[in-house]
1. Just for segment A:95-132: of the residues that are closer than 19 Å to A:Leu48 by Cβ and of a type in the set (D, E, K, R), which one is nearest to DNA strand C (Cβ to nearest atom)?
2. Please enumerate the residues belonging to segment A:18-30 that are away from DNA strand B (no atom under 16 Å from the Cβ) and surrounded by 14 or more Cβ atoms within 10 Å (Cβ to Cβ).
3. Go through A:Glu77, A:Glu9, A:Glu65 for me and flag whichever is more than 16 Å from DNA strand C (Cβ to nearest atom), of a type outside the set (Ser, Thr, Tyr) and more than 25 Å from A:Glu126 (Cβ to Cβ).
4. Within segment A:83-137, how many residues turn out to be touching a residue at least 12 places away in the same chain (Cβ under 8 Å) and within 16 Å of DNA strand B (Cβ to nearest atom)?
5. Taking A:Pro72 as the residue in question, decide whether it is modelled with pLDDT of 95 or more and not aromatic (Phe, Trp, Tyr).
6. Only residues that are part of a helix (DSSP H, G or I) and crowded, with 17+ Cβ neighbours inside 10 Å: list them for segment A:73-99, please.
7. Which residues, taken from segment A:31-57, are surrounded by 16 or more Cβ atoms within 10 Å (Cβ to Cβ) and either among the acidic types (Asp, Glu) or in a loop (DSSP other than H, G, I, E, B) (or both)?
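The values are calculated or read from the model by the stated rules, or taken from the named source; none is laboratory data. Keep in mind that this is a model prediction, so the values were computed, not measured. Positions of Cβ are backbone-derived with ideal geometry, glycine not excepted, and every protein chain shown enters the neighbour counts.
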Amino acid sequence: MQYWLFKSEPDVFGWDDLVAKGGNAEEWNGVRNYQARNFMRAMKKGDLGLFYHSNIGKEAVGIVEVANEIHPDSTTEDARWECVDVKAVKPLPKPVTLDQAKAEPRLKNMALVNNTRLSVQPVTAEEWAVVMELAGL
DNA sequence: GCCAACGTTGGC
DNA sequence: GCCAACGTTGGC
């Protein structure tokens, strides 16, 4: 069981959009970065992830689950690009902001803090536990 | 809206 | 295989 973080601009596709799928899986397409794709390749069905809003909000707002493992990205003909499917699990009672993550010493090594441009990234079990604590779970 | 960081592309 | 040019992301 691994933990991940998925970034999305909420004005393009936000947490509310995923929740609106009613628990159905949504293709996490549009990733055009090898590092991010490689992380998706490593994902297993049932892995959990944070849903993070970039630009607007800059906070983790919900928990998602990997519903389907890596497969071709339906939005491109380019076979290099693959993606997983995710579904909404539950919202965070208290969203965890980027500022909070930066201010929290136990999260100082998070990719979210150090590698801002990486749109799909791993989260350690320790970091996950801290985020859950900050989120009120 | 700007800019820094970073990744990719393409000429040599 | 190097590196300059360019494009994109995302915080501010």
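1. Among them, the one singled out is A:Glu127.
2. Passing the criteria: A:Leu18, A:Val19, A:Ala25, A:Glu26, A:Glu27, A:Trp28, A:Asn29.
3. Answer to the selection: A:Glu77.
4. Residues meeting the conditions: 12.
5. Judged against the criteria, A:Pro72 is not a match.
6. Initially, segment A:73-99 is screened for residues part of a helix (DSSP H, G or I), giving A:98-99.
Answer for segment A:73-99, where residues must be part of a helix (DSSP H, G or I) and crowded, with 17+ Cβ neighbours inside 10 Å: just A:Leu98.
7. As a first pass, look at segment A:31-57 and keep what is surrounded by 16 or more Cβ atoms within 10 Å (Cβ to Cβ): A:31, A:36-37, A:39-40, A:43, A:47-54, A:57.
Result: A:Val31, A:Met43, A:Asp47, A:Ser54, A:Gly57.
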